[in-house]
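Here the structure is laid out as structure tokens; the discussion comes afterwards.
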Amino acid sequence: MNGVKGMNNQVQAETTNHMSTDEISITDIVKKLWQRRGVLVVVPFLFLLLGAIVVFGIAAKTESPTVLFVHLQGIDKSTYPNGATFSPQDLLIPEVLERAAASLHLAVDDDLRKALQVDYGAPTTIGIQKIYQIRLANKKLSATDIAALNRAYQDELQQVSTSGLKITVNHAMLGISPAQGAVLANAIPRAWTEVFTRKYRVIIDSALDNVSILGKDNPLLTTADILSARSTLKRMDAGLKFLTADNRLKAIVSDGGFNSSDLQSRLQDFNILYFRTIFSGSFDNPDAVAKTFKVEIGYKIDELDRNIEELDRSLADLKNFRIRTPQSGVKNGGGEMVQFGDDALKQVVELANQASLSDYMRDVLTARRKLIAKKASLQTELSRSAGKSVVANDKVFYQNAEREFLEISQEYASLLKTARIIRRQAYGDFYQPLGSPGVVGSLLPAKSLLILVLSVLLGGMFSVLLVLVWPNSVSAKASTPETTA
């Protein structure tokens, strides 16, 4: 009996031993992880490095250009002050790029042109979009309201967008730093303003251009010299009148200290004391130029006569216009008779036409008076050319006239130059920077932090799995069962 009982105990012990070796307790797992804790640290770190390599690889391929927003000044509806058409591409013409690239010693080539971009744009467009998105989110809006909001949004977006420029510099493509890209972005609008104001003179008023002169010496000896001086005197007279009428310009002075009123007096004295006498003497022995001048004056007078005759016919037609005699009437509140014809509506229309014709008649009379004054001026010049000069051989007189004409011309030219500078300063630059240039986007790609975190988590999971499947070291010693005697 004892032998059988001993065998049962031995079988039960062996069964318990096999069950204990097949089961893995949490304690064993923790011990195993602790024994391989170095792996749990090294593997996630390696995965972190791998994630960082991926992030920086994506960042190297991602373009983050330098962007500058500027507000346009003095440019209305894509038009310069002198009427020339403005385009954002004006900032990328060769003259502008050469001046802008000189600050960084860059070559103006295809790479530079590809790295630069100028378009209409403003940073406020994002805010406008959000505002109208909020308004359109209202579920109570009708189809008409939605259409009106869309039209208002397009109008406001167009107005804001065309009032500013977006200058983009791809500094990575040019091989320069973001700071150098900011320098180039600032240099482009500045170079554009300098080139277009000095070379193309887009802010010079046509009124000043039409009265500019060369200011060079004129001996006043030949008929051609005298007729050239005549044209110069007319332009100076018109220019001085323009400067005197402008409150901002009438106070400026020339290099010699003369303002527009002073030069007007000198110009008038020169005409009376010198030029009229010289002009009359130029036709004493008329050459081909003098004969051509007289013929041209005659043609101009004939043309003015035809224009005056045409205006006279218009005035005659207006005079023959009659309103039909009213046939009936009613009394107004004051007891006065207000007459109406059989067709009252037609009479009201005729009265309105009569009122508009009175304005037209006034314009015709004003134009006729101007033509008559111009004709009288030409006839006066033609009469002077028929006179005789008494100083034809007076060299001192001609020398004094030449010197006075040169001085007046030079003083007028300097006065006009100052006027241009004043008007240039009134406009200022064509742009106003909206902040400083900045790099669009982050230096790291989007969700780079998420990539790094997932790399660490994935490395941790892989390290745990690796430790768990790592085989245990086999002990050299084997346990032997005890035997009883």
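The values are calculated or read from the model by the stated rules, or taken from the named source; none is laboratory data. This is a predicted model, so every value here is computed, not measured. With ideal geometry, Cβ positions are generated from the backbone for all residues, glycine too; neighbour counts draw on all protein chains shown.
Of all residues in the stretch 274-329, those satisfying the criterion of being of a type in the set (A, V, I, L, M) and modelled with pLDDT under 90 are Ile278, Ala288, Val289, Ala290, Val295, Ile297, Leu311, Leu315, Ala316, Leu318, Ile323. Note on the stretch 91-124: residues that are hydroxyl-bearing (Ser, Thr, Tyr), surrounded by fewer than 16 Cβ atoms within 10 Å (Cβ to Cβ) and not in a loop (DSSP other than H, G, I, E, B) total 0. I'd like to verify a number: residues in the stretch 138-171 that are of a type in the set (A, V, I, L, M), in contact (Cβ under 8 Å) with a residue 24 or more places away in the chain and either part of a loop (DSSP other than H, G, I, E, B) or within 21 Å of Thr124 (Cβ to Cβ) (or both), how many? Number satisfying all stated conditions: 4. Filtered by the rule that a residue be part of a helix (DSSP H, G or I), loosely packed, with under 15 Cβ neighbours inside 10 Å and among the hydrophobic types (A, V, I, L, M, F, W, C), the stretch 225-263 gives Ala238, Ala245. The conditions of being assigned to a helix (DSSP H, G or I), modelled with pLDDT under 90 and under 24 Å from Phe279 (Cα atoms) are not met by Glu402. Of note, Lys130 does not satisfy the criterion of being in contact with a strand residue (DSSP E or B) (Cβ under 7 Å, 6 or more places away or on another chain), closer than 20 Å to Phe69 by Cα and of a type in the set (Lys, Arg). Residues being without any contact (Cβ under 8 Å) to a residue 24 or more places away in the chain and not hydroxyl-bearing (Ser, Thr, Tyr) are represented in the stretch 186-201 by at least one member.
Taking the criterion of being among the aliphatic types (A, V, I, L, M), surrounded by 15 or more Cβ atoms within 10 Å (Cβ to Cβ) and in contact with a helix residue (DSSP H, G or I) (Cβ under 9 Å, 6 or more places away or on another chain), would at least one residue in the stretch 68-79 satisfy it? Within the stretch 68-79, one or more residues are among the aliphatic types (A, V, I, L, M), surrounded by 15 or more Cβ atoms within 10 Å (Cβ to Cβ) and in contact with a helix residue (DSSP H, G or I) (Cβ under 9 Å, 6 or more places away or on another chain).
Of the residues making up the stretch 279-286, none is part of a helix (DSSP H, G or I) and in contact with a Leu (Cβ under 7 Å, 6 or more places away or on another chain). With respect to being closer than 20 Å to Val289 by Cβ and assigned to a helix (DSSP H, G or I), Arg420 falls outside the description.
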